[in-house]
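Some notes on the structure that comes next.
FYI, it's all coordinate maths here, none of it is from the lab. Quick caveat: nothing in here was measured; it's all calculated off a predicted structure. Here the Cβ positions follow ideal geometry from the backbone for every residue, glycine too, while neighbour counts run over all protein chains shown.
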Ligand SMILES: Nc1nc2c(ncn2[C@@H]2O[C@H](COP(=O)(O)OP(=O)(O)OP(=O)(O)O)[C@@H](O)[C@H]2O)c(=O)[nH]1
Ligand SMILES: [Mg+2]
């Protein structure tokens, strides 16, 4: 069984919907509220939908684009009922997100290296804990690397996760060179025939040139030691983040070659709509989502579900 | 997609009108669309934007604006004024208890930066000759207690913690008792991050509040927060009664519309801003600066202030004259370089300049302190004559300079080339000043 199938099995698709229902209901209620208040599709209705989308952090730019497409479709297909707007909206959003579920990349042979990056406090270390848990469950031998040597007690935090899920942590002292830790970890992953190596990194704001250089160096070390690695560079984005996430995605992509997004904290009231813009503009797929602080609170990102959940009518 | 800043956009909007004389109401409506866009792109809450735009429109339609010769600036000025008014005045004070200890409680979402902020706040108070104690009441996040302990150690101040206990209420109480016994006059309670909709955990905060009666409850908010900021703040304020806000990660490039929205909706003052990961990176909050940051006008005020502090004004003015007369040589350049370096890390500095925030993000435009040092070394290896008259620098001189500065001949070549470009730029700048256009240019310490 492939890695993705295993992950799919452990995570389960229904769970995704389940996780989303909680977060979506506020928005869905809102759309429903809006739409049931109208008997025909008019400017006022579109404006209200636009408002709801902007409030979901989709951003003016992308919202305007989506509404424009919706307008076109409504005209072309002569859609009259406000109820039918759900379908159209969900379809347009899904178009932007890409319709398929994108699995995490996997090395053809040897250890799969996953590098986890992002700004401060988004949920990198927690996401690593959850991922490690699921991969262990699926039968993988998982190794963790404590690449955040900067933040106070960051290493301890990862070690606690390591203990929780039963994964070994490769580390050095606080303040040591993260590239050196990563080098050690890659050697260990090869020597111990680990299936997966997940690397934690210090939170860094994307506008700090020196810290981004450090990250570049880390990726260089990895690819020098294992050809084709890192196989997955996961950018962790906090769903509460607004339009700044776009700048984050752009620069992390440029520096570290991001291959996928992990969208965290979707268990709150924030909608994480900014990923629609990110997927559309940067062709950067969202791969997993975080829906809580426990090790089970990780789901695969299913674009269609995400989109239809955004505009879903039937409440569970 | 790159957000250029409202000032630029308005300029474009109004440029179309040139020659038509004065603005009509329709023009103002058009301008307000730009204002609305700018605010939304900056993450100002949708509802706040609505009210705000209505207010600005009302003012902007007034006679004086319509007849103004520079309508764009005028509108920007109104927007800026209204924003600043909405942000309120500076209020970076902490309520002091009549009977010490003063108890401060930090609350907020996960990952907002509470623990780091607790350390920074302690440091700030330490510098004001207070004697803080930190309380580790985050019993949930792995190693949160350890994190606070490490910060306490660095600052050499006591941290109350109890690794055995899973009861944040008890821990907070004990921390206050310990402070009294040890004669510490401030207690800073670091609580676990939580979602505002988590009833159980919100009730826990209420219990802590009831048992230790904090003098200040400060909500810690990430400057990058989007539209949801208002909901979060309303929940925390509604359930706890928040006294003020601390805005974190403002050293990033988020425009910080969340802060404005929170202030507008809750009326609670923003007291401090976190400007970096180090423990001394907590600053009093300047509402006016955030206003121009939201507008994408750069933190001009901060820059001016910084410049005043560290620049030699006479020299600077003299330099400006020389530059504009294009009498610019490596001598002046070296001087300029040193002045700029006195201002602090370059990338931070550039972020403060209008229009430069984006420049920084463009590939190949990174400003680099190391590069600046190299440039300085090269110039220092030139003779005085060469500095004044760069044309003299031929092949053999280049090799000598490279050797003397520990660089490559290519580096020297590049600098010489860029220097010519800068001189050209100076000329352009002069003509641009006349025509009011803006151009892209590259300083020799940009890659
Ligand atoms: N509610 C919720 N909280 C989360 C989620 N993911 C992470 N968190 C919490 O967010 C906080 C920050 O998470 P970390 O994993 O430490 O974030 P980080 O990116 O590693 O942080 P730094 O290393 O400090 O930059 C912790 O309190 C986590 O428990 C999520 O999906 N939902
Ligand atoms: Mg971390």
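Is the range A:258-276 home to any residue that is touching a residue at least 24 places away in the same chain (Cβ under 8 Å), in a helix (DSSP H, G or I) and away from ligand 1 (no atom under 16 Å from the Cβ)?
Scanning the range A:258-276, I find at least one residue that is touching a residue at least 24 places away in the same chain (Cβ under 8 Å), in a helix (DSSP H, G or I) and away from ligand 1 (no atom under 16 Å from the Cβ), so the answer is yes.
Anything in the range A:280-301 that is outside any loop (DSSP other than H, G, I, E, B) and either within 16 Å of ligand 2 (Cβ to nearest atom) or more than 14 Å from every other protein chain (Cβ to nearest Cβ) (or both)? List them, or say none.
Correct list: A:286, A:287, A:288, A:289, A:290, A:298, A:299, A:300.
Quick one: which residue in A:241, A:149 is in contact with a helix residue (DSSP H, G or I) (Cβ under 6 Å, 6 or more places away or on another chain) and within 14 Å of ligand 1 (Cβ to nearest atom)?
Exactly one residue qualifies, and that residue is A:149.
Residue A:252 is checked against (1) in contact (Cβ under 8 Å) with a residue 60 or more places away in the chain; (2) within 16 Å of ligand 1 (Cβ to nearest atom); (3) surrounded by 24 or more Cβ atoms within 10 Å (Cβ to Cβ); (4) within 12 Å of the chain's Cα centre (by Cα) and fails just one. What number does that condition carry?
Of (1) in contact (Cβ under 8 Å) with a residue 60 or more places away in the chain; (2) within 16 Å of ligand 1 (Cβ to nearest atom); (3) surrounded by 24 or more Cβ atoms within 10 Å (Cβ to Cβ); (4) within 12 Å of the chain's Cα centre (by Cα), only one is false for residue A:252: (4).
For the range B:80-114, name all the residues that are under 20 Å from the mean Cα position of the chain (by Cα), within 14 Å of chain A (Cβ to nearest Cβ) and farther than 19 Å from residue B:257 by Cα.
Correct list: B:114 only.
Would you be able to tell me the number of residues in the range A:108-158 that are assigned to a loop (DSSP other than H, G, I, E, B) and more than 13 Å from ligand 2 (Cβ to nearest atom)?
Looking only at that region, the number is 8.
Specify which of the listed residues (A:162, A:203) is farther than 14 Å from residue A:114 by Cβ, under 23 Å from the mean Cα position of the chain (by Cα), within 16 Å of ligand 2 (Cβ to nearest atom) and in a helix (DSSP H, G or I).
Within the list A:162, A:203, the selection yields A:162.
Cβ-Cβ under 6 Å, sequence separation 6+ or interchain: first residue in the range A:125-144 and within 14 Å of another protein chain (Cβ to nearest Cβ), partner away from ligand 1 (no atom under 16 Å from the Cβ). Which pairs?
These pairs meet every condition: A:132/A:142.
One line per residue, one yes/no per condition, for (1) within 18 Å of residue A:137 (Cβ to Cβ); (2) surrounded by fewer than 23 Cβ atoms within 10 Å (Cβ to Cβ):
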{"position": "A:263", "(1), (2)": "no, no"}
{"position": "A:288", "(1), (2)": "yes, no"}
{"position": "A:299", "(1), (2)": "yes, no"}
{"position": "A:303", "(1), (2)": "no, yes"}
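If residue B:252 satisfies every condition in (1) within 18 Å of the chain's Cα centre (by Cα); (2) at positive phi but one, which is the exception?
Checking residue B:252 against (1) within 18 Å of the chain's Cα centre (by Cα); (2) at positive phi, the one that fails is (2).
Please state which of the following conditions residue A:236 fails to meet, knowing it meets all the rest: (1) within 16 Å of ligand 2 (Cβ to nearest atom); (2) away from chain B (no Cβ under 14 Å).
Single failed check for residue A:236: (2).
Conditions: (1) over 28 Å from the mean Cα position of the chain (by Cα); (2) within 13 Å of chain A (Cβ to nearest Cβ). Residue B:261 meets all but one. Number of the miss?
Checking residue B:261 against (1) over 28 Å from the mean Cα position of the chain (by Cα); (2) within 13 Å of chain A (Cβ to nearest Cβ), the one that fails is (1).
Please work out which residue is farthest from the other protein chains (Cβ to nearest Cβ), limiting yourself to the range B:214-240 and to residues that are over 16 Å from residue B:195 (Cα atoms) and in contact with a helix residue (DSSP H, G or I) (Cβ under 9 Å, 6 or more places away or on another chain).
This residue is B:214.
Just to check your reading of the model, which residue among B:195, B:151 is within 14 Å of another protein chain (Cβ to nearest Cβ) and touching a helix residue (DSSP H, G or I) at 6+ places or on another chain (Cβ under 6 Å)?
Selected residue: B:151, the only one of B:195, B:151 that is within 14 Å of another protein chain (Cβ to nearest Cβ) and touching a helix residue (DSSP H, G or I) at 6+ places or on another chain (Cβ under 6 Å).
Since residue A:229 meets every condition but one in (1) within 14 Å of chain B (Cβ to nearest Cβ); (2) in contact (Cβ under 8 Å) with a residue 40 or more places away in the chain, which condition does it not meet?
It fails just one condition, (1).
Results for (1) touching a helix residue (DSSP H, G or I) at 6+ places or on another chain (Cβ under 8 Å); (2) within 16 Å of ligand 2 (Cβ to nearest atom); (3) in a helix (DSSP H, G or I); (4) within 14 Å of chain B (Cβ to nearest Cβ), shown as yes or no for each residue.
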residue: A:183; (1), (2), (3), (4): yes, no, yes, no
residue: A:187; (1), (2), (3), (4): yes, no, yes, no
residue: A:190; (1), (2), (3), (4): yes, no, yes, no
residue: A:207; (1), (2), (3), (4): yes, no, no, yes
residue: A:222; (1), (2), (3), (4): yes, no, yes, no
residue: A:246; (1), (2), (3), (4): yes, no, yes, yes
